[in-house]
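Student: Supplied in structure tokens, the structure appears directly below.
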Amino acid sequence: MDHTQVPVLEALRRFHDQGELSFTPPGHKQARGADPEARAILGDAVYRSDLLASGGLDDRRMTGNVLKRAEELMADAVHAEHTFFTTCGSSLSVKAAMLAVAGPNEQLVVGRDVHKSVVSGLILAGIEPVWVDPQWDGEQRLAHAPAPEAFEEALERHPEAKGALVTSPTPYGSCTGLDRIAEILHARGLPLIVDEAWGAHLPFHPDLPSWAMDAGADVCVTSIHKMGSGLEQGSVFHLQGELIDPETLQSRADLFGTTSPSVLIYAGLDAWRRQMALQGEQLLDEALRLAAAVRGEIEKIPGLHVLGYDDLVGTGRGADFDPLPVVIDISALGTTGYRAADWLRREHRVAMHLADHRRISAQLTYADSAATTDPLLDALRDLADHAGELAAGVPDFVVPTGPEMRMEQVVRPRDAYFGPSEPVPVERATGRVSVEMITPYPPGIPAVLPGERLTKPVLDYLRTGLEAGMNLPDAADPELRTIRVRR
């Protein structure tokens, strides 16, 4: 296929050149009615390209096949059989994939380190999860993706399960053995869904971990806005093989998708595909060289350690790792990642990605260069110089072990979420069954799920974490004085 083509951008150009007069939404009418300050800040180009997909970008019957051609080019670029664009993020894509595999009251084997959007899918669909535990690194207090053997054992215990879902890479860059997991599932005639939201770039460079389709996954969900150059909410899901019907997958996506998709987001997806198909390996070459140099410089800073191969790969850990998420252990500074991230933003206007009880991370992409990483390194050196200040008065933070973090699922997530509930003081919640999801964010992996029986170690972790700077945006009580439990 001709990857110099960009069907969405080309259709946008035609729309502008032809000077069409629209009596359709959006109501700003090509910026003419938009708020003047919004026009000044956003620029009229945003509004001029914000038009209907059907009856704007294409005709009302979509006979120009603009979106279809863009999706076919994306599939060809990554060697998938089918690709679907969504403008509601991978939170939509992963739900569509789940519902294409399992339905109400059916079982799906799921890694317990999934994003909260997966749990939302379980709740909406009434799917019963068969949880597979991550691999816990007690020394680093860090969870790695579940091992292939854990999926095999879960399927032996639950032969009625309809398939499995695994997250790889993790937000920390750790990757599991997808090829082996796919073999385990396919030997039973079952499909594998991979939430590869952090792996959009993986198909485009041989030195990066194998991506899900090459490893044999049936469906792969990818966020183009995370490690690619698409706009926020731009997501794709790819399909191959015969275990999932493409029409079924499309139908499930229609259940969740908006009928007013953003053409701006479609354009970002289409342009990113061309960029990667034509220049991806070269761009990622430069990004990998830069990441290696940045990792080496950070390792020289007293009190900082960059997680690398030896930290993330091996027995009880991942099968591979992506070096572009630069994850930095700052525990030797005597402070928390939350406090360090806040200090870097306040003092240096440097925004880090992840922050946890002992780590911060800088997500590098091919958009970075010395112009961005030099200020990052200067800020990290200054962080180390202020270690004493940052360590003063750090609140106690209780971080349980891996087994202590796991709670028993006694009620299906859907039944707990929609069942009768009441708020109780958090100090009296031990032993009660949660009806809410409580998620440290980022990365968005829930610590508490609807239907789990609450334990003191997890409640202490959340309570002390909140005091230390943890963000819990979905808790019913933002102060965590109470928690909603099953009545």
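Student: Tell me, what % of the accessible area of the chain is carbon and sulfur with a 1.4 angstrom probe? Walk me through the numbers before you get to the answer.
Tutor: Details: 10020 of 20500 Å².
Percent of accessible area from carbon and sulfur atoms in the chain: 49.
Student: Still on this structure, I have one more. Starting from the Cα of Lys29, draw a straight line to each of the lysines and keep only those under 23 Å, dropping any in the same chain fewer than 8 residues away.
Tutor: none
Student: Answer with one residue from Gly189, Pro478, Leu108: the one whose Cα lies farthest towards the positive end of the charge dipole of the chain, charges on Cβ with Lys, Arg +1 and Asp, Glu -1.
Tutor: Pro478
Student: Of the beta bridges DSSP finds with both residues in the chain, what % are antiparallel, to the nearest 5?
Tutor: Values: 32 of 48 bridges.
Roughly 65 percent of the DSSP beta bridges within the chain come out antiparallel.
Student: Based solely on C-alpha atoms, express the radius of gyration and the Dmax of the range 242-358 in angstrom.
Tutor: So, for the range 242-358, Rg and Dmax equal 20.2, 55 Å respectively.
Student: Given R₀ = 35 Å, FRET efficiency for His16-Ala351 by Cβ-Cβ distance, to 0.05? Please report the intermediate quantities before stating the final value.
Tutor: On the way: r = 34 Å, r/R0 = 0.97.
Step by step, r from the Cβ atoms, then E = 0.55.
Student: Between Phe23 and Ala45, what FRET efficiency follows from the Cβ-Cβ distance if R0 is 25 Å, with the result rounded to 0.05? Let's see the in-between values first.
Tutor: Values: r = 22 Å, r/R0 = 0.88.
My answer for the efficiency is 0.70.
Student: Related question: About its Cα centre, what dipole magnitude does the range 1-118 give when the only charges are +1 on Lys and Arg Cβ and -1 on Asp and Glu Cβ, stated in debye to the nearest 20? Intermediate results must be reported in sequence, preceding the final value.
Tutor: On the way: 13 positive and 16 negative charges, 67 e Å.
Rounded to the nearest 20 debye, it is 320 debye.
Student: Under the 0.36 nm per residue contour assumption, what length would be gained going from the current alpha-carbon distance of Thr464 and Ala38 to full extension? Mind dumping the intermediate values first?
Tutor: Working: separation 426, 0.36 × 426 = 153.36 nm, distance 4.06 nm.
Fully extending the segment from Thr464 to Ala38 adds 149.3 nm.
Student: Using DSSP to define loop residues, name the GluC sites (Glu not before Pro) in the range 1-76 whose beta-carbon has at most 14 other beta-carbon atoms within 10 Å.
Tutor: On the way: sites: Glu10, Glu20, Glu37, Glu71, Glu72; in loops: Glu20.
Answer in residue order: Glu20.
Student: For a quick check of your reading of the filter: which GluC sites (Glu not before Pro) in the range 354-444 sit in a DSSP loop and have no more than 12 other Cβ atoms within 10 Å?
Tutor: On the way: sites: Glu389, Glu404, Glu408, Glu427, Glu436; in loops: Glu408, Glu436.
Those that pass, being in a loop and sparsely packed, are Glu408.
Student: Same structure again: The range 1-51: which trypsin sites (Lys or Arg not before Pro) are DSSP loop and have at most 16 other beta-carbon atoms within 10 angstrom? Intermediate values should be presented prior to the final figure.
Tutor: Details: sites: Arg13, Arg14, Lys29, Arg32, Arg39, Arg48; in loops: Lys29, Arg32.
Of the trypsin sites (Lys or Arg not before Pro), the ones in loops of the range 1-51 whose Cβ has at most 16 other Cβ atoms within 10 Å are Lys29, Arg32.
Student: Between rounded, prolate and oblate, where does the range 114-261 land on the alpha carbon gyration tensor, with a ≥ b ≥ c its root eigenvalues, rounded for a/c under 1.5, else prolate if a/b exceeds b/c? Show your work: numbers first, answer last.
Tutor: Details: a/c = 1.40, a/b = 1.09, b/c = 1.28.
Cα axes put the range 114-261 in the rounded bin.
Student: Let me ask another. Would you mind checking the pairs Lys226/Lys300; Lys68/Lys116; Lys95/Lys226; Lys162/Lys226 and listing those with alpha carbons more than 21 angstrom apart?
Tutor: Details: Lys226/Lys300 28 Å; Lys68/Lys116 30 Å; Lys95/Lys226 18 Å; Lys162/Lys226 29 Å.
Listed pairs above 21 Å: Lys226/Lys300; Lys68/Lys116; Lys162/Lys226.
Student: In addition: Might you tell me the accessible area per residue for the chain, computed with a 1.4 Å probe and given in Å²? Present the calculation step by step, with values, prior to reporting the outcome.
Tutor: Details: 20500 Å² over 487 residues.
On a per-residue basis, the chain sits at 42 Å².
Student: Using label points projected 7 Å from each Cα along Cα→Cβ, tell me how many nm separate Gln282 and His158, to one decimal.
Tutor: Simple spin-label model gives 4.8 nm for this pair.
Student: Sticking with this structure for a sec: Using only DSSP helix segments of four residues or longer, with each worth -39500 (n - 2.57), what per-residue ellipticity at 222 nm results for the chain after dividing by its residue count and rounding to 500? Provide the component values of the computation, followed by the final result.
Tutor: Values: 18 runs with 191 residues, N = 487.
It comes out at -11500 deg cm²/dmol, rounded to the nearest 500.
Student: OK, next. At Asp245 and Ala476, where each label point lies 7 Å from the Cα along Cα→Cβ, what is the point-to-point distance in nanometres?
Tutor: 4.0 nm
Student: Got a sec? Charge dipole of the range 1-117, +1 on Cβ for Lys and Arg, -1 for Asp and Glu; which of Leu21, Ala11, Met98 is way out at the positive end?
Tutor: Positive-end residue among those listed: Leu21.
Student: Compute the signed sum of charges (Lys and Arg +1, Asp and Glu -1) over the other residues within less than 11 Å, Cβ to Cβ, of Ser223.
Tutor: Details: positive: Lys226; negative: Asp195, Glu196, Glu232.
Value of the local net charge: -2.
Student: Translational diffusion coefficient of the chain at 25 °C, 0.890 mPa s, Stokes-Einstein with Kirkwood Rh over Cα pairs, in µm²/s as a whole number. Could you put the intermediate results ahead of the total?
Tutor: Numbers: Rh = 23.8 Å.
So the translational diffusion coefficient is about 103 µm²/s.
Student: Given Cα pairs under 8 Å that are at least 6 residues apart, what percent is the relative contact order of the chain?
Tutor: Numbers: 973 pairs, mean separation 69.5, N = 487.
Relative contact order for the chain comes out at 14 percent.
The values are calculated or read from the model by the stated rules, or taken from the named source; none is laboratory data. The structure displayed is predicted, hence computed values, not measured ones. Reconstructed Cβ throughout: ideal geometry from the backbone, glycine too, with neighbour counts over all protein chains shown. The area values use the complete protein model at the heavy-atom level, side chains included, leaving out ligands, DNA and RNA. Shrake-Rupley method; radii C 1.70, N 1.55, O 1.52, S 1.80 Å.
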